[in-house]
Every structure is written in C-alpha cells, then in structure tokens.
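Visitor: First, the structure itself, so that you have it in front of you.
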Amino acid sequence: MTDDAASTLENMRTQMERAQEYAQVTENVFTRLLHPERTLEVSLPVLRESGEEEIFKGYRCQFSGARGPYKGGVRYHPSVSMDEVIALAGLMSSKTALVSLPYGGAKGGVVCNPKELTRNEMKRLTRRYTEGIRRMIGPKMDIPAPDMNTGPREMAWMMDTFSVYEGHTIPEVVTGKPLELGGTPGRVEATGRGVAIITEKILEYYGRSPKNTTVAIQGFGNVGSWAGRLLAERGANVIATSDVTGGIYNSDGLDTHDVAAHVESSGQIAGYDGDVDPISNDELLRLDVDVLIPAAVSHSITADVAEEMQADIVVEAANGPTTPRADDILVERDIPAVPDILANAGGVIVSYLEWVQNTQEYRWTLEEVNADLERRLANTFDEMVEAYRSYETPDLRTAAYTISLDRQATAHAYRGLFP
Ligand code: GLU
C-alpha cells in the first residue's frame with residue numbers, strides 16, 4: 001500500500017516495482033537497481049560574514065555505474081536529506097538509461113538556504129563541498145551538474161576547486177558551466193526546452209498542438225520559466241504560475257518574458273506588478289487548463305490534487321512531483337502524465353553534449369545542440385509510447401521505467417558479477 005506521506009525514495013522504489021513485471025530483469029539485479037552503490041556524507045565548516053563558523057551537511061550518492069560514469073546534479077535546499085539524494089540519484093540512473101546516454105546516475109546536495117547566504121558564503125560552501133566529494137568525482141568517474149538553486153556560477157567554482165587540486169584545468173569534471181569555461185550553448189535553458197519539446201509531443205499524440213492551449217506552471221525557476229517562455233513561443237497560453245511566495249493568473253496569458261525578468265531580478269514571483277490576479281498554489285494545481293506542469297519540489301501532486309485536478313495532461317518538469325497514489329488516480333481519471341525521467345531529461349542530455357564537446361575540445365553551435373536534443377527526446381518519446389502500447393502498461397511512467405529497467409538489466413547481464 002502506498003501513501004502520500006511516503007518519502008521520495010519509497011515513491012521511486014514503488015515506481016520501479018510497478019515496472020518490474022513488464023521488464024526482463026532478474027530478482028537479484030532488480031534488488032541491485034533499488035539500492036545505491038555508494039553514498040558519502042560530508043561535514044562542511046564555512047566561515048560566515050559574521051566571523052562565526054557554521055557547519056553545513058553535504059551528500060553525494062552514486063546510485064548506479066553499470067552503464068557508464070555516474071552523472072547528476074547538486075542541489076542546495078533546506079529540505080535536502082540523504083534519503084532524498086539517494087532517491088534523486090536513482091531517478092538519474094533511470095533517466096540516463098531511458099534517454100540512452102552512456103551514463104549511470106548520481107546526485108548531490110547541501111542542506112542550506114541559499115537565500116540566506118551571501119555570494120562569498122556560497123563560494124566558500126561550494127568550494128568546501130567540492131573538496132569534500134573530490135575523491136569521488138572526476139570526468140570519467142562522476143560528473144556533477146546544476147540542480148535546484150545551483151547554476152553556472154557554482155559549476156565554475158566546482159570546476160576550479162577540482163582543477164586546483166589536480167594541478168591543471170579539467171572542464172569536463174562538471175557540466176552546466178559558463179560558456180567561457182567550456183559550457184555549451186543551450187545548457188541553461190535545456191531542461192525547460194526539453195519540457196516544451198515533450199509537451200508538444202504529447203499534445204501531438206492527442207491530435208493537438210501547443211497553439212492556443214492553456215498551460216499552468218507550478219514553479220518559475222530556471223526550468224519552469226524556460227518551459228513557459230518556449231511554450232509561449234510555440235503559441236501556448238501560459239495563464240498561471242506560482243512559487244512559495246505567491247501565484248499570478250491572467251486568463252489571456254501571462255507575459256512569460258516579463259515574469260521571468262522579474263523573477264530573475266527579485267528571486268521570487270511575489271511583487272510582480274503586471275496585469276495579473278493573485279492565485280494560490282492549491283488553486284493553480286486545480287485550474288481548468290490543457291496542460292499542468294509541476295516544476296517545483298517533489299510530491300506536489302498528491303492524491304487529493306489528482307482527485308480534483310482539471311487539467312487534461314500533466315508534464316512533470318520537477319523530479320518526483322507525483323505520488324504513486326496520485327498516479328493511480330490519474331490512471332482512473334484517464335489523465336496522462338509524462339514522467340519526470342523523460343520530461344525533464346533535456347538538462348542531462350545537453351550536459352552529455354557539453355561533456356562530449358569538452359572531451360573532444362570542440363565547440364558546437366546552439367543549432368547543433370538544440371537539434372540533437374530534440375532528436376533524442378522525440379525518439380525516446382516514441383519509444384515510450386510504443387512500450388505503453390505493446391506492454392499495455394497502466395501509464396506512461398510504467399512504460400518509461402520498463403524501458404529503463406531493461407537497459408540497466410542488460411548492462412548488468414553483460415558485465416556479470418565481480419569477482
Ligand atoms: N539536475 C538535472 C536533472 O535532474 C541535470 C543533471 C545533469 O545535467 O547531470 O536531471
């Protein structure tokens with residue numbers, strides 16, 4: 001029995017168990033796929049501006065390395081825990097396998113509130129965290145990247161700290177770097193672009209197009225705001241968005257670029273003074289829209305929300321936004337949800353393209369990056385739909401996990417046991 005209060009880790013395991021019956025995976029290998037290979041907890045003393053020393057807690061989890069180097073972001077958030085980092089590392093393993101990248105999965109996190117840290121404190125924290133995990137990471141071993149509240153600035157500090165210890169510059173140890181340090185064109189907006197591409201694909205699947213569809217986006221950070229802007233460019237009407245500070249609504253469509261500029265400069269939606277009405281987060285999740293995009297924290301679509309939701313389609317931009325009980329209700333109510341491991345895979349796909357460019361010391365154009373991203377996502381979407389039809393899985397998530405489990409199990413089978 002699953003319940004809404006279960007942890008992200010329990011939810012991830014439930015999602016995998018639901019796919020187990022359709023996948024070709026032995027019991028032993030399945031057990032290995034449910035558990036992380038390695039975890040590290042680090043204690044990070046950081047000098048605050050006050051002159052006091054504060055100890056922060058950091059984690060890195062390498063969930064699975066069967067298909068290649070470990071890969072996954074680093075998040076800074078007060079709610080980070082070892083359990084959550086393990087779950088998110090597991091999601092990364094499933095994601096990289098689903099979109100056929102030659103990677104395993106990892107995740108890292110630091111328990112902190114970035115809003116309360118100055119730039120210098122963030123720098124010291126990031127450098128200390130990088131030192132703490134540096135024996136675990138490396139361009140062929142484990143490649144960190146941005147996640148919640150981290151971006152090119154933090155990746156530059158991580159790359160620099162790692163390189164200082166190695167004695168020479170190693171850009172390919174992290175992805176999501178600034179362009180001048182070996183970052184790739186298109187990485188900043190990649191996750192949001194992927195969400196927009198996948199939204200267009202699922203609409204096409206139902207004989208529709210983004211033109212004039214109404215969209216509500218929970219969360220307007222990097223992922224939500226880029227998804228919103230790029231969907232608006234494709235003709236969609238983004239009528240509502242929200243974050244922890246508040247929500248805004250306009251039935252004729254928000255000016256997504258203007259809202260994004262406001263959020264970028266102030267760090268929040270509250271205080272936006274465009275032509276909008278306020279809307280609560282609970283109302284946003286229950287709005288009568290064509291597409292609902294959760295792009296914030298985990299567990300936002302609970303059973304209650306699934307019961308009362310009026311959206312036709314859900315596209316999961318966040319990691320782990322839908323609980324298993326909510327999934328059951330969405331199936332009963334015939335509301336398709338494109339799972340996170342596909343819908344938000346644009347970020348790690350372009351991370352891979354950045355890493356490939358770094359290892360070849362060659363720079364692609366934005367057009368090349370975007371075309372490659374679109375091709376990979378479109379192919380995987382078609383594979384997922386094909387698996388959904390041929391295995392007759394209850395939902396798209398189970399179909400996606402079935403493909404992913406098969407790929408991971410095949411890698412394990414070829415490699416065999418050590419010793
Ligand atoms: N943090 C992103 C994710 O959850 C990107 C990870 C990466 O680029 O390695 O997929």
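The values are calculated or read from the model by the stated rules, or taken from the named source; none is laboratory data. All values derive from a computational prediction rather than experimental measurement. Virtual Cβ from ideal backbone geometry, glycine too; neighbours counted across all protein chains shown.
Visitor: Of Arg32, Arg67, which residue is of a type in the set (D, E, K, R), out of contact with any Lys or Arg (no Cβ under 9 Å at 6 or more places or on another chain), more than 13 Å from the ligand (Cβ to nearest atom) and over 22 Å from Glu316 (Cα atoms)? Please lay out each step first, then the result.
Guide: Values: Arg67 fails: out of contact with any Lys or Arg (no Cβ under 9 Å at 6 or more places or on another chain).
None of the others qualify; the one that does is Arg32.
Visitor: Scanning region 123-166 for residues that are closer than 16 Å to Val85 by Cβ and assigned to a loop (DSSP other than H, G, I, E, B), which turns out farthest from the ligand (Cβ to nearest atom)?
Guide: Among them, the one singled out is Met136.
Visitor: Filter region 109-137 down to the residues that are within 21 Å of the chain's Cα centre (by Cα) and small (Gly, Ala, Ser) and list them by number.
Guide: Gly109 - this is the single residue of region 109-137 that is within 21 Å of the chain's Cα centre (by Cα) and small (Gly, Ala, Ser).
Visitor: Where residues in region 1-58 are in a loop (DSSP other than H, G, I, E, B) and charged (D, E, K, R), which of them is farthest from Leu125 (Cα to Cα)? Before the answer, list the steps.
Guide: First, pick out the residues of region 1-58 that are in a loop (DSSP other than H, G, I, E, B): 1-7, 21-26, 35-37, 48-52.
Still in the list and also charged (D, E, K, R): 3-4, 21, 37, 48-49, 52.
Details: Asp3: 36, Asp4: 34, Glu21: 44, Glu37: 26, Arg48: 10, Glu49: 12, Glu52: 14 Å.
Among them, the one singled out is Glu21.
Visitor: Just to check your reading of the model, which residue among Tyr352, Tyr362 is within 9 Å of the ligand (Cβ to nearest atom), modelled with pLDDT of 95 or more and more than 18 Å from Val385 (Cβ to Cβ)? Before you say what the answer is, go through the steps one by one.
Guide: Details: Tyr362 fails: within 9 Å of the ligand (Cβ to nearest atom).
Of Tyr352, Tyr362, the one residue that is within 9 Å of the ligand (Cβ to nearest atom), modelled with pLDDT of 95 or more and more than 18 Å from Val385 (Cβ to Cβ) is Tyr352.
Visitor: So which residues in region 380-409 are touching a residue at least 24 places away in the same chain (Cβ under 8 Å), in a helix (DSSP H, G or I), farther than 27 Å from Lys177 by Cα and of a type outside the set (A, V, I, L, M, F, W, C)?
Guide: Of everything in region 380-409, those that are touching a residue at least 24 places away in the same chain (Cβ under 8 Å), in a helix (DSSP H, G or I), farther than 27 Å from Lys177 by Cα and of a type outside the set (A, V, I, L, M, F, W, C) turn out to be Tyr391, Arg397, Thr398, Tyr401, Thr402, Ser404, Asp406, Arg407, Gln408.
Visitor: Which of (1) modelled with pLDDT of 95 or more; (2) within 24 Å of Thr213 (Cα to Cα) does Ala296 not meet, given it meets every other one?
Guide: The single condition Ala296 does not satisfy is (1).
Visitor: Is it the case that some residue within region 349-360 is in a loop (DSSP other than H, G, I, E, B) and either surrounded by fewer than 16 Cβ atoms within 10 Å (Cβ to Cβ) or touching a helix residue (DSSP H, G or I) at 6+ places or on another chain (Cβ under 8 Å) (or both)? Steps first, answer last, please.
Guide: Initial filter on region 349-360 (in a loop (DSSP other than H, G, I, E, B)): none.
Looking for residues that are in a loop (DSSP other than H, G, I, E, B) and either surrounded by fewer than 16 Cβ atoms within 10 Å (Cβ to Cβ) or touching a helix residue (DSSP H, G or I) at 6+ places or on another chain (Cβ under 8 Å) (or both), one finds none in region 349-360, hence no.
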